[in-house]
Amino acid sequence: MKLKKFSALLLTTVITSTALFTGCGNTKNASSNETQNPNDPATVTFWAASVTQERQEFFDWFAKYVHEVYPNITLDMLGVPGNLTDYRQKLDVAIQAGTAPDITNDFRPELVTNGYYQNMNDYFNNWADKGLINEQLIKSNKTYDPNGTGLYALPYSSQTWNMWVRTDWLNSINMKVPTNWPDFFTAVQKLTDKKNDKYGLAIRGGGGSANTLEMLMYAYSGVTNYFDANGKSTINNAKNVEFVQKYLVDTYNTYTSQDDLTKGWAELANAFQSGKAGIVVHNLGSAKSMVTAFQGDYSKFQAAVFPASVQGYVVHAGLMPLGLSMNSQSKNKDAVWKVMQLYLSKEVNTKYCQLYGEIPANTEAAKDSFFSDSPYMSVGVKIETDKSIKFNDTPYYLPTYSNIQSDMEANIQSVMSGKMTPQKLLDNWAAALEEANNEYRSQLKK
Amino acid sequence: MNYKTKKQIAKISFVYIPLLIIVIIVLIPFLWALSTSFKTLPEFTSETIQYLPKKLNFDNYIFVWTKSGFAKYFVNSIVVSFSSVIIISLLCICNAYALSRYSFKGKNALIIMLLGTQMMPVILYIVPMFSVFKNLSLIDTPLALIIFNVLLQTPFNTLLMRSFVNAIPKEVDEAAMVDGAGKLTILIKIIMPLLKPGFVAVTAFGFIGCWNEFLVAFTFIQTQKKFTIPVGLKSMIGEYSVNYPALAAGSVIALIPPVILFAFIQKYLIAGLSSGSVKG
């Protein structure tokens, strides 16, 4: 009898808990909306990448703002924590299962070719405020379309890379922020005080090393084209090899800490902010953490453009395409577009870019004094507007471009540890880029 | 130096000192995290290393608990982990009893299959299970995590529990049968009370596995308020910066339930693990 009671109790518990747990969740099809009527209630799903608490507050505010402006639209906002790799893994699984969101903010060329993104040319061309969006960024985003015409992401900002330098350290050795590479290497040497565990430079040898090294070597050589007329990669040109020799072989472990071999950005930032390194290379996205770490004391640090190349002019990496993309399977594209338009409005764009340390795509927002007057954002504005600064044609459009960079990271560590020559590294790199480029071109012909 | 003194010196040199070193190695990261959790960000990034915070500052705990949503994540983790562990334990007892007491065709193959599931990385299951769960309308529900946890944890824990059931002599079952007890009665009234150490071991392993599970929770949950603690901890790691003091505070909070659990079950766990290891 007792046993029967136990079995009945167990069964009831299982059924009740099943009902409870499934009831707790609304199993949503992320991009599902049953309506196409613009006045009907609509829910738009938006997954934002690499969201921290501070960023989540912005997105929560934006979701409320959307509802205020469009009372029939509810923005179901998910701030995905973690890095871009985590975000991509989550999104890829959702795409395969058909539960991907309506809006994403990590623009990837492979998702253009696999049809996940919606071509937004029609929406954009019919938008009254399209003239406010930075034309260069529209052009840059269109490079992800193999035909070069489709707009698969609405650009909301641009991000420039720069050096972060300890101005107080440079002052102590009577040097100014280096504006050419000989000065750069001299400063690195002079700032190093190994006995006190202080180094002139921190080199990124861990995750993301290839990206940084690539833009620095081109900044040194002054070469602005990645491929010559015959499709040969320029990455292994003599000046790039010379730079890698100076940077990874001669400087690493002599004027840098040995553990730079495995440093990613978080470790690099720690080295800089805790007084272990005098110069690091990153983008303006890290500005907020710099200001916080140095408690707003701008006498200690500053952002600076890259030193002038051996050709005499400054070269920066081409602006990476980024923007909001629309899911091509979205059931309520008009509502999605309204949310995107609002995201690009002056108010939202300004707020977003102040938080993220990026330069607004909305040209009205870019006029905000924050961007021209801020000690660090003004550097980004200078990089983008100074006619003497050149950008190279970084092939972000190659679907395997970031994979090649990831593949090269182990080779970079081999060079740092003396197991590979710079020439060999760059020859391998050139071969990989050429193969990817040929593959891309042959796909275009089909 | 007499024999007794020599023996004591040898014991100190070869047992206590190595053990002390191991304890220090194990404790240092924990103590470091604890110390960091009470530091302010400027203290943490200070040019001179500070081993201890200047004062006990609870701001990081308040930040993660209130602003970062850890209060919600904590409850979610508790619900998912405890529910999973209850199901895992029940299933493991039944599975282990069957594998220990019954002979049936394909038993060895089943045991190898259970072992085989442990060799495959979880990421391999993610996409097919996501599609299955989507069709069952389970995506973005705690039940999805519970089912997945049960699927992941049951095979290993079944094999662990089997060794405990094997350690109970079959004569105990037979004596009960002579007294008229059925199989279910034997399992519930005779075997289960004797399996206390095994139950504790399975609970401990199962709970830790469920509590720390990240990949499935990160992939299957699509609403922030349903995140679990390991996913929530990720929000301390930004794209360009890491809030280490807050991350440390979050980690310390995440440690509390396992520490409490282990404090309660420690004596059973040690007895359970040793008995399971020698009788199989």
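The values are calculated or read from the model by the stated rules, or taken from the named source; none is laboratory data. This is a predicted model, so every value here is computed, not measured. Here the Cβ is made from the backbone with ideal geometry for all residues, glycine too, and neighbour counts use every protein chain on show. Heads up: the accessible areas ignore ligands, DNA and RNA and are worked out on the full protein's heavy atoms, side chains in. Shrake-Rupley method; radii C 1.70, N 1.55, O 1.52, S 1.80 Å.
Take A:ASP393 and decide whether it is under 18 Å from the mean Cα position of the chain (by Cα), open to solvent by 10 Å² or more (accessible area, probe 1.4 Å) and either of a type in the set (Asp, Glu) or under 14 Å from A:PHE306 (Cα atoms) (or both).
yes
In region A:49-57, is there at least one residue being assigned to a strand (DSSP E or B), open to solvent by less than 40 Å² (accessible area, probe 1.4 Å) and among the small types (Gly, Ala, Ser)?
Scanning region A:49-57, I find no residue that is assigned to a strand (DSSP E or B), open to solvent by less than 40 Å² (accessible area, probe 1.4 Å) and among the small types (Gly, Ala, Ser), so the answer is no.
Evaluate the following for A:ASP106: is it more than 14 Å from chain B (Cβ to nearest Cβ), in contact with a Leu (Cβ under 8 Å, 6 or more places away or on another chain), among the acidic types (Asp, Glu) and surrounded by fewer than 23 Cβ atoms within 10 Å (Cβ to Cβ)?
No: the conditions fail for A:ASP106.
Looking only at region A:167-193, count every residue that is assigned to a helix (DSSP H, G or I), open to solvent by 30 Å² or more (accessible area, probe 1.4 Å) and either within 28 Å of B:ILE49 (Cβ to Cβ) or acidic (Asp, Glu) (or both) and tell me the total.
So the answer is 6.
Which condition breaks for B:ILE25 when tested against (1) under 22 Å from B:ARG162 (Cα atoms); (2) open to solvent by 90 Å² or more (accessible area, probe 1.4 Å); (3) not small (Gly, Ala, Ser)?
(1)
I'm trying to understand the selection: among the residues of region A:277-297, which are modelled with pLDDT of 90 or more, under 19 Å from B:GLN50 (Cα atoms) and surrounded by fewer than 18 Cβ atoms within 10 Å (Cβ to Cβ)?
Hits for region A:277-297: nothing passes.
Return the residues of region A:251-284 that are of a type outside the set (Val, Ile, Thr), away from every other protein chain (no Cβ under 14 Å), part of a helix (DSSP H, G or I) and touching a residue at least 40 places away in the same chain (Cβ under 8 Å); say none if nothing qualifies.
Hits for region A:251-284 are A:ASP260, A:LEU261.
Residue by residue, here is whether (1) in contact (Cβ under 8 Å) with a residue 40 or more places away in the chain; (2) part of a helix (DSSP H, G or I); (3) of a type in the set (Asp, Glu) holds:
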{"site": "A:LYS331", "(1), (2), (3)": "yes, no, no"}
{"site": "A:MET340", "(1), (2), (3)": "yes, yes, no"}
{"site": "A:VAL348", "(1), (2), (3)": "yes, yes, no"}
{"site": "A:LEU355", "(1), (2), (3)": "yes, yes, no"}
{"site": "A:PHE370", "(1), (2), (3)": "no, yes, no"}
{"site": "A:ILE383", "(1), (2), (3)": "yes, yes, no"}
{"site": "A:GLU409", "(1), (2), (3)": "yes, yes, yes"}
{"site": "A:ILE412", "(1), (2), (3)": "yes, yes, no"}
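Scan region A:189-241 for residues that are without any contact (Cβ under 8 Å) to a residue 24 or more places away in the chain and under 27 Å from A:GLY278 (Cβ atoms) and jot them down.
A:LYS190, A:ASP193, A:LYS194, A:LYS195, A:ASN196, listed by residue number.
Tell me, which helices (runs of 4 or more DSSP H) lie completely within region B:209-280 with 1 or more residues that are more than 30 Å from A:ALA94 (Cα to Cα), modelled with pLDDT under 95 and within 14 Å of chain A (Cβ to nearest Cβ)?
B:244-278
Is it true that A:VAL112 is under 23 Å from A:PHE391 (Cβ atoms), of a type in the set (Val, Ile, Thr) and modelled with pLDDT of 95 or more?
So A:VAL112 does not fit the description; no.
Looking at B:LYS39, B:LYS72, B:LYS11, B:LYS55 in this structure, which one is at pLDDT 90 or above and in a loop (DSSP other than H, G, I, E, B)?
Exactly one of B:LYS39, B:LYS72, B:LYS11, B:LYS55 is at pLDDT 90 or above and in a loop (DSSP other than H, G, I, E, B), namely B:LYS39.
Would you point out the residue of region A:218-242, among those that are crowded, with 24+ Cβ neighbours inside 10 Å and of a type in the set (A, V, I, L, M, F, W, C), that is nearest to A:THR179 (Cα to Cα)?
Filtering region A:218-242 for residues that are crowded, with 24+ Cβ neighbours inside 10 Å and of a type in the set (A, V, I, L, M, F, W, C), the one nearest to A:THR179 (Cα to Cα) comes out as A:ALA219.
Determine which member of the set B:ALA204, B:ALA181, B:ALA217 is under 30 Å from A:GLU57 (Cβ atoms) and aliphatic (A, V, I, L, M).
The match here is B:ALA217.
Inside region A:61-92, can you point out the residues that are part of a helix (DSSP H, G or I) and either crowded, with 21+ Cβ neighbours inside 10 Å or away from chain B (no Cβ under 13 Å) (or both)?
A:TRP61, A:PHE62, A:LYS64, A:TYR65, A:VAL66, A:HIS67, A:GLU68, A:VAL69, A:TYR87, A:LYS90, A:LEU91
Looking at B:ALA201, B:ALA167, B:ALA181 in this structure, which one is open to solvent by 10 Å² or more (accessible area, probe 1.4 Å), out of contact with any Cys (no Cβ under 7 Å at 6 or more places or on another chain) and more than 14 Å from chain A (Cβ to nearest Cβ)?
So the residue among B:ALA201, B:ALA167, B:ALA181 that is open to solvent by 10 Å² or more (accessible area, probe 1.4 Å), out of contact with any Cys (no Cβ under 7 Å at 6 or more places or on another chain) and more than 14 Å from chain A (Cβ to nearest Cβ) is B:ALA167.
Could you check A:ASN196 against (1) surrounded by 18 or more Cβ atoms within 10 Å (Cβ to Cβ); (2) among the polar types (S, T, N, Q); (3) out of contact with any Asp or Glu (no Cβ under 6 Å at 6 or more places or on another chain) and say which number it fails?
It fails just one condition, (1).
State the number of residues belonging to region B:96-114 that are over 14 Å from B:ALA167 (Cα atoms) and among the basic types (Lys, Arg).
Summing the residues that are over 14 Å from B:ALA167 (Cα atoms) and among the basic types (Lys, Arg) in region B:96-114 gives 2.
Is it the case that some residue within region A:128-138 is within 14 Å of chain B (Cβ to nearest Cβ), in a helix (DSSP H, G or I) and modelled with pLDDT under 95?
no
Filter region A:285-329 for residues that are in contact (Cβ under 8 Å) with a residue 40 or more places away in the chain, within 20 Å of B:VAL242 (Cα to Cα) and part of a loop (DSSP other than H, G, I, E, B) and give the result.
A:PHE301
Restricting attention to region A:54-74, report how many residues are of a type in the set (A, V, I, L, M) and free of Cβ contacts under 8 Å to residues at least 40 places away in the same chain.
Residues in region A:54-74 being of a type in the set (A, V, I, L, M) and free of Cβ contacts under 8 Å to residues at least 40 places away in the same chain: 1 in total.
Identify all residues within region A:314-340 that are of a type outside the set (Lys, Arg) and more than 19 Å from A:SER140 (Cα to Cα); write none if there are none.
A:VAL314, A:ASN327, A:SER328, A:GLN329, A:SER330, A:ASN332, A:ASP334, A:ALA335, A:VAL336, A:TRP337, A:VAL339
Out of everything in region B:66-85 that is more than 9 Å from every other protein chain (Cβ to nearest Cβ) and over 13 Å from the mean Cα position of the chain (by Cα), what residue ends up being surrounded by the fewest Cβ atoms within 10 Å (Cβ to Cβ)?
Here the answer is B:THR66.
Out of (1) in contact with a Lys or Arg (Cβ under 9 Å, 6 or more places away or on another chain); (2) free of Cβ contacts under 8 Å to residues at least 40 places away in the same chain, what's the single condition that is false for A:MET77?
Unmet for A:MET77, out of (1) in contact with a Lys or Arg (Cβ under 9 Å, 6 or more places away or on another chain); (2) free of Cβ contacts under 8 Å to residues at least 40 places away in the same chain: (1).
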